[in-house]
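A.B. asks: Pasting in a structure now, in structure tokens, and then I'll have a few things to ask.
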Amino acid sequence: MINQLVVGFVIPWIVGLYLCYKKPKFMLIVIPIGISIAFLINDWGFNYFWKLKHSYTNLSLASVPFNLGLFPILGSLFISSIHFTKLNVYLSLVLFTIFTTLIEFWAFKAGEIIYRNGWNIGFTAISYFVGYLIAFVYYKLLRKYKIF
């Protein structure tokens, strides 16, 4: 459980605090959508398709450090790669999907994540792609209404 807390929350927020210091308005607007997407996908997935090696009776409780840390910070990095560095949207979508999928693949191979009910790494990649796509649509809405 300590590993989940450090990898899922502490390490990502070291990067997150730097981003908050540099771009506070940006982070205040983007972090909540990352948290929302993470909770939506993980609550569904932890109940039916995967679980962590160290879980609770409520399977989705184990994902809280990731929902509040890793996934919102990665989402913020994804949106900032498009907004600030002007990285091509399609390239950014593909790179972030592959990177996040590789992180999970490493955790799967290490036995930290257990897939069930036919779930596999391909479905994992699709779920990350969908999450980043939702974040991008949110970003486009922010641009449309001149919030960014």
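The values are calculated or read from the model by the stated rules, or taken from the named source; none is laboratory data. None of these values were measured; they are calculated from a predicted model. Glycine also receives a Cβ, built like all others from the backbone with ideal geometry; neighbour counts cover every protein chain displayed. The accessibility values were calculated without ligands, DNA or RNA, using every heavy atom of the protein model including side chains. Shrake-Rupley method; radii C 1.70, N 1.55, O 1.52, S 1.80 Å.
A.B. asks: In segment 1-26, how many residues are out of contact with any Gly (no Cβ under 7 Å at 6 or more places or on another chain), surrounded by 14 or more Cβ atoms within 10 Å (Cβ to Cβ) and in a helix (DSSP H, G or I)?
C.D. replies: Final tally of qualifying residues: 10.
A.B. asks: Scanning for something at pLDDT 95 or above, in contact with a strand residue (DSSP E or B) (Cβ under 7 Å, 6 or more places away or on another chain) and either on the phi < 0 side of the Ramachandran plot or in a helix (DSSP H, G or I) (or both), does segment 117-138 turn up at least one residue?
C.D. replies: Yes, that holds for at least one residue.
A.B. asks: Additional query: Does SER81 qualify as being in contact (Cβ under 8 Å) with a residue 24 or more places away in the chain, part of a helix (DSSP H, G or I) and of a type in the set (Ser, Thr, Tyr)?
C.D. replies: No: the conditions fail for SER81.
A.B. asks: Could you give me the residue pairs with C-beta distances under 8 Å whose first residue belongs to segment 54-73 and is open to solvent by 40 Å² or more (accessible area, probe 1.4 Å), whose second residue is of a type in the set (Ser, Thr, Tyr) wherever it lies, and which are 6+ apart or on separate chains?
C.D. replies: LEU61/SER55
A.B. asks: If I ask for residues that are open to solvent by less than 30 Å² (accessible area, probe 1.4 Å) and within 22 Å of PHE105 (Cβ to Cβ), which ones from segment 27-46 would you list?
C.D. replies: Those that are open to solvent by less than 30 Å² (accessible area, probe 1.4 Å) and within 22 Å of PHE105 (Cβ to Cβ): GLY34, ILE37, ALA38, ASN42, GLY45, PHE46.
A.B. asks: Same structure, new question: Assess whether PHE49 counts as being open to solvent by less than 40 Å² (accessible area, probe 1.4 Å) and not acidic (Asp, Glu).
C.D. replies: Spelling it out, it is not the case that PHE49 is open to solvent by less than 40 Å² (accessible area, probe 1.4 Å) and not acidic (Asp, Glu).
A.B. asks: Those residues that are closer than 17 Å to TYR115 by Cα and either in a strand (DSSP E or B) or in contact (Cβ under 8 Å) with a residue 60 or more places away in the chain (or both), I need them from segment 35-53; list them, please.
C.D. replies: ILE41, GLY45, TYR48, PHE49, TRP50, LYS51, LEU52, LYS53
A.B. asks: What residue, among those in segment 39-56 that are polar (S, T, N, Q) and in contact with a Ser or Thr (Cβ under 9 Å, 6 or more places away or on another chain), is farthest from ILE134 (Cα to Cα)?
C.D. replies: Per the criteria, the residue is ASN47.
A.B. asks: Only residues that are of a type in the set (A, V, I, L, M, F, W, C), without any contact (Cβ under 8 Å) to a residue 24 or more places away in the chain and either open to solvent by 60 Å² or more (accessible area, probe 1.4 Å) or more than 17 Å from PHE105 (Cβ to Cβ) (or both): list them for segment 118-148, please.
C.D. replies: Of everything in segment 118-148, those that are of a type in the set (A, V, I, L, M, F, W, C), without any contact (Cβ under 8 Å) to a residue 24 or more places away in the chain and either open to solvent by 60 Å² or more (accessible area, probe 1.4 Å) or more than 17 Å from PHE105 (Cβ to Cβ) (or both) turn out to be ILE126, VAL137, LEU141.
A.B. asks: May I pose another question? When residues of segment 94-116 are filtered for being open to solvent by less than 30 Å² (accessible area, probe 1.4 Å), assigned to a helix (DSSP H, G or I) and closer than 21 Å to SER60 by Cα, how many remain?
C.D. replies: 4
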